[in-house]
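First the structure, in the form of structure tokens, and then the observations on it.
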Amino acid sequence: MQPVKARMRDVAKLAGVGTMTVSRVLNGSAPVTKETRDRVYQAINQLNYQPNPVARSLRQARSRSIGIIVPNFYDPFFATCAHAIGLVAKKHQYSVSVTTSDEDARAEFAEANLMALNHVDGLAVIPAAFGRSCFDRPEFHSTHIVALDRPIRGHRFNSVLVENREGAKEAVEHIIWHGHKKISHLGLSEKLYTLNERYQGYKKAMQQAGLTPGQHLTCGTEEETRACIQQAMSGPTPSTAFFIGNNLVMRNALHAFSKLNIRIPDDVAVIGFDDFEMADIFNPSITVVRQPILELGRVAAELLFSRLEERNVSLVGQQIVLACELVIRQSCGCNSQTSLKASQKTLIRKPAVQRPPDKHRPLVTSTY
């Protein structure tokens with residue numbers, strides 16, 4: 001027969017105080033004398049009393065849980081961000097609910113609304129690319145929300161981003177330094193905030209060098225990517241280099257180059273945005289702009305928990321921008337000696353910055 005679990009009123013009776021006093025000691029919600037607090041803790045230890053976490057969260061109107069919504073899990077970038085957020089939540093003794101939007105704002109709303117109904121204390125979101133963002137709706141006015149990787153429209157939302165535009169610009173400048181003049185850009189949808197920012201960086205680097213930028217070639221599948229590469233390398237002035245917008249496109253591009261018997265870097269130079277597993281052991285190894293993925297998730301989570309402690313959802317949001325790193329390997333045309341010397345080059349030398357949303361550069365969720 002299992003022993004009967006002690007209740008709060010049992011603790012109160014043994015300590016010679018009221019149940020409200022026991023609650024105040026446990027929650028720290030009101031000052032209690034040291035003598036009384038010591039008696040309560042002595043009774044708790046003697047009875048082996050364990051507070052009910054569900055009842056406690058209901059009394060405090062807090063669930064000690066957060067929700068994480070990412071577009072998908074087949075992109076390692078999103079999964080790594082979610083993992084980093086979860087580590088911070090564990091440190092704060094919070095539980096985590098994780099789900100995906102499949103890049104659909106309607107699905108994102110359904111998942112976020114369900115989490116809000118389950119009383120999560122906050123949300124960490126990589127916003128869906130397609131459709132109008134739901135987070136300005138009344139259902140979320142009392143929910144702490146932080147966006148990462150992509151911003152959310154609205155003055156109260158915190159966001160943690162990386163220097164997509166500057167990172168892409170310096171990567172393309174590195175290819176230009178090798179003497180390439182016809183450089184093609186391979187990306188996903190232009191409506192994606194990150195991919196559009198990187199295209200703008202590519203475009204700026206080309207224009208500043210007096211070169212003509214190509215269009216944003218959409219490479220959602222391996223077949224589309226192969227067709228784009230064939231298109232770029234045909235005609236009287238074929239491309240001699242490619243800037244590739246993210247690791248999913250890089251995966252498609254590497255398959256396409258192999259099937260088309262295009263040698264890297266002998267036939268074309270290649271540089272990508274996003275490091276990925278085994279990029280350093282390919283032959284040749286792949287030059288990339290590396291994002292601080294774990295740091296992106298960690299900073300976003302810490303920002304969320306700082307707001308949870310303040311309990312004020314009306315505060316003006318911060319925007320934190322993290323630096324990237326250019327990892328020079330061999331696919332761009334650098335040899336191994338150059339790679340060893342330059343692989344730790346800091347791409348953006350300023351530290352992470354905090355700033356309010358820039359009114360001259362609107363933060364858009366619904367159409368990126």
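Summary table below
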quantity	calculated
Extreme residue, modelled with the highest pLDDT, among residues of the stretch 160-191 that are of a type in the set (S, T, N, Q) and more than 18 Å from the chain's Cα centre (by Cα)	184
Enumeration of residues in the stretch 224-269 that are of a type in the set (Gly, Ala, Ser) and farther than 15 Å from residue 214 by Cβ	256, 258
Residue in the stretch 83-91 that is touching a residue at least 12 places away in the same chain (Cβ under 8 Å) and either at positive phi or of a type in the set (Asp, Glu) (or both) present	no
Residues located in the stretch 257-282, provided they are surrounded by fewer than 21 Cβ atoms within 10 Å (Cβ to Cβ), without any contact (Cβ under 8 Å) to a residue 40 or more places away in the chain and either outside the structural domain of residue 183 (by TED's automatic domain parsing) or in a loop (DSSP other than H, G, I, E, B) (or both)	260, 261, 262, 263, 266, 267, 278, 281
Residues satisfying the stated conditions in the stretch 149-204, i.e. small (Gly, Ala, Ser) and either within 23 Å of residue 316 (Cα to Cα) or surrounded by 22 or more Cβ atoms within 10 Å (Cβ to Cβ) (or both)	154, 159, 167, 168, 171, 184, 187, 201
Qualifying strands (runs of 3 or more DSSP E) (wholly inside the stretch 79-156; at least 3 residues being of a type in the set (A, V, I, L, M) and under 27 Å from residue 188 (Cα atoms))	122-125, 144-148
Residue within the stretch 228-237 that is part of a helix (DSSP H, G or I), small (Gly, Ala, Ser) and either touching a strand residue (DSSP E or B) at 6+ places or on another chain (Cβ under 6 Å) or more than 24 Å from residue 194 (Cα to Cα) (or both) present	yes
Per-region count, the stretch 299-330, residues surrounded by fewer than 20 Cβ atoms within 10 Å (Cβ to Cβ), within 22 Å of the chain's Cα centre (by Cα) and of a type in the set (D, E, K, R)	3
Residues (among the hydroxyl-bearing types (Ser, Thr, Tyr) and in contact with a His (Cβ under 9 Å, 6 or more places away or on another chain)) located in the stretch 59-118	63, 65
Residues of the stretch 145-193 satisfying the condition of being touching a residue at least 60 places away in the same chain (Cβ under 8 Å), assigned by TED's automatic domain parsing to the domain that holds residue 213 and among the aromatic types (Phe, Trp, Tyr)	193
Condition check for residue 192: in contact with a helix residue (DSSP H, G or I) (Cβ under 6 Å, 6 or more places away or on another chain) and among the hydrophobic types (A, V, I, L, M, F, W, C)	no
Matching entry among 186, 248, 254 (being part of a strand (DSSP E or B) and within 25 Å of residue 283 (Cβ to Cβ))	186
Selection from the stretch 157-172 of residues that are in a helix (DSSP H, G or I) and of a type outside the set (Val, Ile, Thr)	164, 165, 166, 167, 168, 169, 170, 171
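The values are calculated or read from the model by the stated rules, or taken from the named source; none is laboratory data. What you see is a predicted model; the values in this text were computed from it and never measured. Virtual Cβ from ideal backbone geometry, glycine too; neighbours counted across all protein chains shown.
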